[in-house]
Amino acid sequence: MTDGLAAVKKLISDCEQKYGREPGSVKLLIASKGRSIEQIKKLYAAGQVIFGENYLQEAEKKITALAATNIEWHFIGPIQSNKAKKIAEHFAFVHSVASMKTAKRLNDHRPAHLPPLNICIEVNISNEASKSGIHPNELLALAAYCKNMPRLKLRGLMALPHLYEDLEAQRREFKKLTTLAKMLRENDIELDTLSAGTSADFEAAIAEGATMVRIGELVFGN
Ligand SMILES: *Cc1c(COP(=O)(O)O)cnc(C)c1O
């Protein structure tokens, strides 16, 4: 598994080079849903710090068990309103904000002793009914709303697009995300994060400007 980690890091740096990206400009988040505390510990011992979880209950157990580490916990799953309080308490970064209601709850419940909660807005760039994320037409309003929340720090956009087989089709999906980020910047909304790409499409995401890829299977096997 730590072999898997080294291999994935190499793949990422190869992609940075291939697509003219700055070395080290693409961060690696390990998607650890369904993986054990022991597995996470091994990766942490090998130097991995950012882990992403999808389910609050599962994550709480891991966060408690690994409280002595410096792991940076990211929440990457859909957010149910009644879970927003605990998510705001336990995580450093939430990638899946998709409504004003959720943004407000996270803001209102972010504990005063912690820094503002880093967030990405999840965008449904492939416009699929089955996918979570906000519709691109509603993005600007939500981003402006989040920017004004004192206990949130809007960092960027996240997407989990339709998975096409070929690289060019994958790139077209991620390009939509880059275009939306540009639109926000033109509206004075600063962003430094594009959370995009999984084991199956990270190359296309890096080619189109991802700054954080979220990888599970490629590291752990299945
Ligand atoms: C599980 C998951 C990933 C990682 O997917 P893999 O195919 O295991 O690399 C990335 N993003 C989200 C939101 C996930 O739930």
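The values are calculated or read from the model by the stated rules, or taken from the named source; none is laboratory data. Computed from a prediction, not measured in an experiment: that's the story for all the values here. Neighbour counts are summed over all protein chains in view; Cβ atoms, including those assigned to glycine, are modelled from backbone coordinates with ideal geometry. Ligands, DNA and RNA are excluded from the accessible area calculation, which covers all protein heavy atoms including side chains. Shrake-Rupley method; radii C 1.70, N 1.55, O 1.52, S 1.80 Å.
Figures for the structure shown
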item: Computed over the range 1-126: relative contact order in percent, which uses C-alpha pairs under 8 Å that are six or more apart; result: 17 percent
item: Shape category assigned to the range 1-149 from the gyration tensor of Cα positions, a/c cut at 1.5; result: oblate
item: Gap separating the Cα centres of the range 1-78 and the range 94-118, nearest whole Å; result: 22 Å
item: Neighbourhood charge, 12 Å Cβ-Cβ cut-off, centred on SER36 and excluding it, Lys, Arg +1 and Asp, Glu -1; result: +4
item: Cross-link reach list, lysines versus LYS175, counting only Cα pairs under 26 Å and skipping chain neighbours closer than eight places; result: LYS9, LYS10, LYS18, LYS27, LYS131, LYS147, LYS153
item: DSSP-loop GluC sites (Glu not before Pro) across the range 132-222, with at most 10 other Cβ within 10 angstrom; result: GLU165, GLU190
item: Whichever aspartates and glutamates have a C-alpha closer than 13 Å to that of LYS61, once near sequence neighbours (fewer than 8 apart) are set aside; result: GLU38, GLU53
item: DSSP-defined beta bridges in the chain - what % are antiparallel, rounded to 5; result: 0 percent
item: Local net charge near SER195, Cβ-Cβ under 12 Å (Lys/Arg +1, Asp/Glu -1); result: +1
item: Estimated Rh, the range 73-222: Kirkwood, alpha-carbon pairs, angstrom; result: 15.5 Å
item: Length released on extending from LYS18 to ASP108, taking residue separation times 0.36 nm less the Cα-Cα span; result: 28.1 nm
item: Signed unit charges on C-beta, dipole axis of the chain, positive-most listed residue LEU152, HIS113, PHE174; result: HIS113
item: Whichever aspartates and glutamates have a C-alpha closer than 18 Å to that of LYS176, once near sequence neighbours (fewer than 8 apart) are set aside; result: GLU122, GLU128, GLU138, GLU165, ASP166, GLU168, GLU186, GLU190, ASP192, ASP201, GLU203, GLU208
item: For the chain: accessible area per residue (Å², 1.4 Å); result: 49 Å²
item: Cα centre as origin, Lys/Arg/Asp/Glu Cβ charges: the range 18-144 dipole, Debye; result: 180 debye
item: Over the chain: helical MRE at 222 nm, DSSP H runs n ≥ 4 each giving -39500 (n - 2.57), nearest 500; result: -12500 deg cm²/dmol
item: Check: the chain dipole with +1 on Lys, Arg Cβ and -1 on Asp, Glu Cβ, in debye; result: 720 debye
item: HN-Hα J in Hz across the range 158-175 - Karplus 6.51, -1.76, 1.60, θ = phi - 60°, x for Gly and Pro; result: 10, 8, 10, x, 3, 8, 7, 6, 9, 4, 5, 5, 4, 4, 4, 5, 5, 4
item: Percent carbon-and-sulfur accessible area, the chain, ignoring ligands, DNA and RNA, probe 1.4 Å; result: 51 percent
item: Relative packing of peptides 93-100, 108-115, 149-156 - highest average C-beta neighbours within 10 Å first; result: 93-100, 149-156, 108-115
item: Mean Cα-pair separation over length for the chain, i.e. relative contact order, pairs under 8 Å, 6 or more apart, %; result: 20 percent
